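One structure is given here, and the rest of the page talks about it.
The values are calculated or read from the model by the stated rules, or taken from the named source; none is laboratory data. In this text the structure is predicted, and so the values were computed from the model without any measurement. When we count neighbours, we look across all protein chains shown, and the Cβ atoms used for this are built from the backbone with ideal geometry, even at glycine. For the accessible areas, the whole protein counts, side chains as well, though only heavy atoms, and no ligand, DNA or RNA atoms are used. Shrake-Rupley method; radii C 1.70, N 1.55, O 1.52, S 1.80 Å.
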Amino acid sequence: MNLSAEHVERLRGLLSRAGQRIVIVSHTNPDGDAVGSSLAWAEMLRGMGHSVVCVVPNKYPYFLDWMPGIGEVVIFKNDTEGRAVRAVADADLIFCLDFNSLSRLEILSDTIAANTTARRVLIDHHLSPDEGFDVVFSHPEASSTCYVVYRLIEALSGTAVITRPMAEALYVGMMTDTGNFAFSSLTPGLFRAVAVLVECGIHIPTLYNNVYNAYTEGRARLFGYAINRKMQIIEDGTVAYMSLMEHEMRRFRFQQGDSEGFVNYALTIKKMKMSAMFLAHRKFIRVSLRSRGDVDVNLFARRYFDGGGHKNAAGGKSFVSMEETIAHFVRSVREFAEEGHLGEVKGEK
């Protein structure tokens, strides 16, 4: 991953005047990478003398509650005091982290759009970023936004400025967006970055335990229910999908983040090439897609669910019933397969 020297210098220029009012925003249903990159970047900017407010559209998963500084993150959906609206309205700079389009902010997007004077900087690793940003650091080849942030910190100030809380936040994003360093985009540069974070004092077993071994009993039982009762397999055992309705999630006392990772599980089956998860919300169904090898779920999401993401991890939405959504998915998979997009997974025998 190579940062644009020109863009780095433009960013340095934007940050050269101390005491600016800065807002960092991330996407709806913020995950470890969204939260980690926001917290680390916020501390970096505060160290440069700026005033920073982090805003997310809705609550982050409860298993991230322990992260240093997370108590200062403003949750727009719960912000009855209007702190987020005031911060955005007064902002000199707005950093958009871990998303490629303002539409990913959903309920927060109009508030961001209302400030037409603040400079906007995109730091992201998703495909096809929207226009309208003053400076863009878009690196789909990067494993996580936290890795992009790490490289920006390195380019602007050197890694000596990384504190232990910053290192912990960066590691969480790198770890969660790579499935604990098991997915694609695992480069020598990423592992050199991890080595630096270890030198900053992070304790990897503790961070892993805080994120992956901190679920509720309800989540464990929901997972068992989803796998045993809801997982369906089609296309001669190469595609799987699961669906959860609101009443099913309530039965297991669902909390934000409880379904995290469910969509990945089917890919542990030897022949599996693609997996989907359909999660019902009040006004729509959230679609999560994962794949192995050359199976491009970004293409699938864009074509059939008005979504997108990465080659092996993408998502979208459906605004019809669950029954109709699943029927549409099954038809779409069949068409996708007939076009040759479900070819052999590399290394499969």
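Points to keep in mind about this one:
- Each residue in region 204-221 was checked for being over 22 Å from the mean Cα position of the chain (by Cα) and surrounded by 13 or more Cβ atoms within 10 Å (Cβ to Cβ), and 2 of them qualify.
- Residue count for region 81-114 under the criterion of being buried (at least 17 other Cβ atoms within 10 Å of the Cβ) and polar (S, T, N, Q): the result is 3.
- Taken as a whole, the structure leaves VAL52 outside the set of residues that are at pLDDT 95 or above, within 30 Å of TYR215 (Cβ to Cβ) and among the β-branched types (Val, Ile, Thr).
- Looking only at region 283-313, and only at residues there that are β-branched (Val, Ile, Thr), in contact with a Ser or Thr (Cβ under 7 Å, 6 or more places away or on another chain) and outside any helix (DSSP H, G or I), the one that is surrounded by the most Cβ atoms within 10 Å (Cβ to Cβ): VAL287
- ALA214 being among the small types (Gly, Ala, Ser) and at pLDDT 95 or above: no
- Restricting GLU154, GLU199, GLU168 to those that are in contact with a Leu (Cβ under 7 Å, 6 or more places away or on another chain), open to solvent by 20 Å² or more (accessible area, probe 1.4 Å) and not β-branched (Val, Ile, Thr) reduces the list to GLU168.
- Selected residue (criterion: surrounded by the fewest Cβ atoms within 10 Å (Cβ to Cβ)) from residues of region 175-184 that are in contact (Cβ under 8 Å) with a residue 40 or more places away in the chain and on the phi < 0 side of the Ramachandran plot: SER184
- Number of positions in region 185-215 that are part of a loop (DSSP other than H, G, I, E, B), within 16 Å of GLY261 (Cα to Cα) and in contact (Cβ under 8 Å) with a residue 60 or more places away in the chain: 2
- Among the residues of region 22-61, the one identified as aromatic (Phe, Trp, Tyr) and under 15 Å from the mean Cα position of the chain (by Cα) is TYR60.
- Scanning region 249-274 for residues that are of a type in the set (Phe, Trp, Tyr) and in contact with a Gly (Cβ under 8 Å, 6 or more places away or on another chain) yields PHE252, PHE254.
- The set of residues in region 231-282 that are open to solvent by less than 60 Å² (accessible area, probe 1.4 Å), of a type in the set (D, E, K, R) and more than 20 Å from TYR62 (Cβ to Cβ) contains only LYS273.
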